[in-house]
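Below is one structure, written out as structure tokens; the observations come after it.
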Amino acid sequence: MDEPLKGDAMPGRLTAHEAASRVEALRREIEHNTYLYYALDAPEISDAAYDSLMRELRELEEAFPELASSDSPTKRVGGYVEKQFSAVRHDRRMYSLDNAMDEAELEAWMDGIQKLYGSLPALCCELKIDGSSIALTYRDGLLVQAATRGDGTTGEDVTANVMEVADIPRALRREALEEVANPDVPLEVRGEIYMPKASFDALNLEAQAEGKKQFANPRNAAAGSLRQKDPKVTASRDLATFLYAISRNDAIRVKGQWELLAWLKRAGFHVNPDVALCQTREEVLAFCAASLEKRGSLPYEIDGVVVKVNDFALQDAAGFTSRAPKWAIAFKFPPEEKTTLLRDITVQVGRTGALTPVAELDPVLVAGSVVARATLHNEDEVHRKDVRVGDTVIVRKAGDVIPEVLGPVISLRPADALVWEAPKTCPSCGSPVIREEGEAQLRCVSIDCPAQALERLLHWVSRDAMDIDGMGEEIIGRLVEIGRMNDVADFYSLTVEELEQLHMGRTNKDGNAISLGRTTAAKLIDAIQASKDRDLARVICGLGIRHIGKNTAAELVETYPSMEALKDASEEALQAVHGIGQRAAASIWTFLRTPDNIDVIERLQDAGVTMVAAQRSGQDKPQTLSGLTFVLTGTLTNLRLSREEAADALKAYGAKVSSSVSKSTSFVAVGDNPGSKYDKAVKLGIPVLDEAQLKTIIDTGKPPVL
Ligand SMILES: [Zn+2]
């Protein structure tokens, strides 16, 4: 992402009338969910989706001030104490933390801290567990009371239920008690109660089987389980805890947060193991980056990192604002779900003829990038999710995963929302579409389908395949349109003269057709010629055989180092190749026995395209770089290597080459015009290599000496 975008939904301009009815609908929906959330712990939508609706409402109220109202949900703050449980006044207020929504805000907070103390003090970093806050009171070392956070000052008494949670100690360990400053004063220990992801899934499966309402997320499941009328129900739920604070820092004879965590562990509490005592801001940022990266693989949900000034004396010196301590901040991970408007559902024809419905969305910022389209996978999915054109939908993007439409917000559905109907014919060639038995996908099986041809050709030139620079959708699309290209072998009969004259279907201001021109044409032909020497795995990948991607193609070449050998392999033998399943084996076997495909492969071979695997010189090289991870960025001008080639050279010595910079990156090698990866390397304090250093490594295989 080059430039962060402000705001969430970016709807087109609404008329005052449209805005009024949208505001009305949003308020109703938000209020409904506020009630479900606070009173019943059973929201129908995720927190992120809720926030997204709230933000849209706020923006509309700002854009149309006449619609503002004092009883709008935007004017009220949540917080809700149920009558059913008796109220408990906390020993001291349970503050919430101020949030840093991105790295810049975290940096700004650290700037403030540095200014306050004159230099940056040690900062204790902990994962922010996405659970429900809990306060446990121990008297004479025994658990006597447990309360929810409530509004921060007063919570609900959930003692009977907490007694059923297995991992909360009823009594503190004796040796830890010796460090309690005043044994006569009750000790309030604070932390988070949560439900592990696996237990949450199991609970919801069970609820589904029994036709009961499911929980929206693990946090609500934890909060709901904690506030049961019957403690036996709580006991049946798999709840766990991480404790991290006490109400008065002077209650234990420790000087800071780091020591407190160690004491909590000695006392018998579960303390999250992912903590870091950081001396520099780079260490803090690295911890945040690493935590975000491992987020998906943890058995419980986290939604950020809490950064605290470690030293208690320094904390006291900083004090509190009216809302939150000044000495701590919550670095929030980017939200992974947003709401936006579903404008249309279009159909895309893939290179294998599969028809995929695609959601066309009002662009919205999700997890740090703008999403305007998302796959709806297939006909059944569209109907199962019941998404209709005109719906407000929830869009999710987790980590690097492709954006996905989770479902509609039914209560915001306009009366004229359209139920989508799958096309009967291919939108590209008009041939009837079929759906094979056992398949979810509709398919165009026409051999002359231009959309399939275009996708196949684009796949051939793509980075993972033949990597033909400059050959893009516009040029290939034009060549398909005029009937000059139909299969990948057609690339190799193109001439400079032909391309030079290629009219791009547009005219310049004088009304003359725009053509490619000699220089561009010559460059393209050079790139096509150069692609003949790509390795066999790329050729196989480029053919676009169903179920055969970049990695499976590489596996095939390991066992069958030539196209001839591959053609001779039986289906059974193919199945025995590591990473090749039954479907992939059947797919490649059939592909290599289809006359049209054999014809294309023969024409490629005649044109001089590699059909034999290169001798793997890399395997002879000593694995001197094993255990090291490199990231390459910028253009390697002096080295005269593509980044890909440089990466292959490093891999030959056993190095790993990664596409993103993280804490585990060993070196970042930088060419001309490096991008954000360079900035990130500097931020994380990862050693940066220039081209000359990279060249030495590639030539000698020796790790750099810094
Ligand atoms: Zn078609």
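Here are the numbers for this structure:
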read-out	value
Wholly within the stretch 590-706, helices (runs of 4 or more DSSP H) carrying at least 1 residues that are outside the structural domain of L556 (by TED's automatic domain parsing), without any contact (Cβ under 8 Å) to a residue 60 or more places away in the chain and more than 25 Å from V539 (Cβ to Cβ)	676-684, 691-700
Unmet criterion (only one of (1) touching a Gly at 6+ places or on another chain (Cβ under 6 Å); (2) crowded, with 22+ Cβ neighbours inside 10 Å; (3) closer than 16 Å to I246 by Cα) for V309	(1)
Residue that is nearest to the ligand (Cβ to nearest atom) [pool: residues in the stretch 393-405 that are touching a residue at least 60 places away in the same chain (Cβ under 8 Å) and within 16 Å of D344 (Cα to Cα)]	V405
Count of the stretch 338-380 residues which are closer than 28 Å to L53 by Cα and either touching a His at 6+ places or on another chain (Cβ under 7 Å) or of a type in the set (S, T, N, Q) (or both)	6
The listed residue being outside any loop (DSSP other than H, G, I, E, B) and under 26 Å from the mean Cα position of the chain (by Cα), out of A372, A317	A372
Checklist (1) among the aliphatic types (A, V, I, L, M); (2) under 30 Å from A584 (Cα atoms); (3) touching a helix residue (DSSP H, G or I) at 6+ places or on another chain (Cβ under 9 Å) applied to A530, failing item	(3)
Filtered residue count, the stretch 108-157, keeping only those that are part of a helix (DSSP H, G or I) and either at positive phi or of a type in the set (G, A, S) (or both)	2
Residue, nearest to the ligand (Cβ to nearest atom), within the stretch 447-470, restricted to residues that are more than 18 Å from T610 (Cβ to Cβ) and surrounded by 19 or more Cβ atoms within 10 Å (Cβ to Cβ)	C449
Count - residues of the stretch 430-449 that are closer than 18 Å to V358 by Cβ and in contact with a Cys (Cβ under 7 Å, 6 or more places away or on another chain)	3
Which listed residue is assigned to a loop (DSSP other than H, G, I, E, B), touching a residue at least 60 places away in the same chain (Cβ under 8 Å) and farther than 30 Å from E436 by Cβ, from P363, P334	P334
Residue count, the stretch 435-446 (criterion: among the small types (G, A, S) and within 9 Å of the ligand (Cβ to nearest atom))	1
Filter pass, L260 being without any contact (Cβ under 8 Å) to a residue 60 or more places away in the chain, assigned to a helix (DSSP H, G or I) and more than 22 Å from L123 (Cα to Cα)	no
Selection count where residues are touching a Gly at 6+ places or on another chain (Cβ under 6 Å) and among the hydroxyl-bearing types (S, T, Y), scope the stretch 312-350	0
Sole residue being part of a helix (DSSP H, G or I) and touching a residue at least 12 places away in the same chain (Cβ under 8 Å), chosen from I468, I476	I476
All positions within the stretch 94-137 that are of a type in the set (D, E, K, R) and more than 14 Å from G191 (Cα to Cα)	D98, D102, E103, E105, E107, D111, K115
Subset of the stretch 417-429 [within 8 Å of the ligand (Cβ to nearest atom) and of a type in the set (G, A, S)]	S428
Among residues of the stretch 403-460, those that are part of a loop (DSSP other than H, G, I, E, B) and of a type outside the set (S, T, N, Q), counted	28
The stretch 292-312: number of residues that are in a helix (DSSP H, G or I) and at pLDDT below 95	6
Odd one out for D467, checked against (1) at positive phi; (2) charged (D, E, K, R); (3) at pLDDT below 90	(3)
Lone qualifier among D526, D510 - being among the charged types (D, E, K, R), exposed (fewer than 15 other Cβ atoms within 10 Å of the Cβ) and at pLDDT 90 or above	D526
Matching option when the condition is within 21 Å of L361 (Cβ to Cβ) and either within 16 Å of the ligand (Cβ to nearest atom) or not charged (D, E, K, R) (or both), among P414, P432	P414
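So that you can scan it fast, the table gives a plain yes or no per residue for (1) within 16 Å of the ligand (Cβ to nearest atom); (2) surrounded by 15 or more Cβ atoms within 10 Å (Cβ to Cβ); (3) at pLDDT below 90:
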| site | (1), (2), (3) |
| --- | --- |
| L342 | no, yes, no |
| T352 | yes, yes, yes |
| L355 | yes, yes, no |
| L361 | no, yes, no |
| V364 | no, yes, yes |
| V371 | no, yes, yes |
| A374 | no, yes, no |
| H377 | no, yes, yes |
| D386 | no, no, no |
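Matching residues to (1) surrounded by 14 or more Cβ atoms within 10 Å (Cβ to Cβ); (2) under 27 Å from K128 (Cβ atoms); (3) not assigned by TED's automatic domain parsing to the domain that holds S132:
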site: E179; (1), (2), (3): yes, yes, no
site: A198; (1), (2), (3): no, yes, no
site: Q208; (1), (2), (3): no, no, no
site: Q228; (1), (2), (3): yes, yes, no
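The values are calculated or read from the model by the stated rules, or taken from the named source; none is laboratory data. No experiment lies behind these values; they were computed from the predicted model shown. Neighbour counts are summed over all protein chains in view; Cβ atoms, including those assigned to glycine, are modelled from backbone coordinates with ideal geometry.
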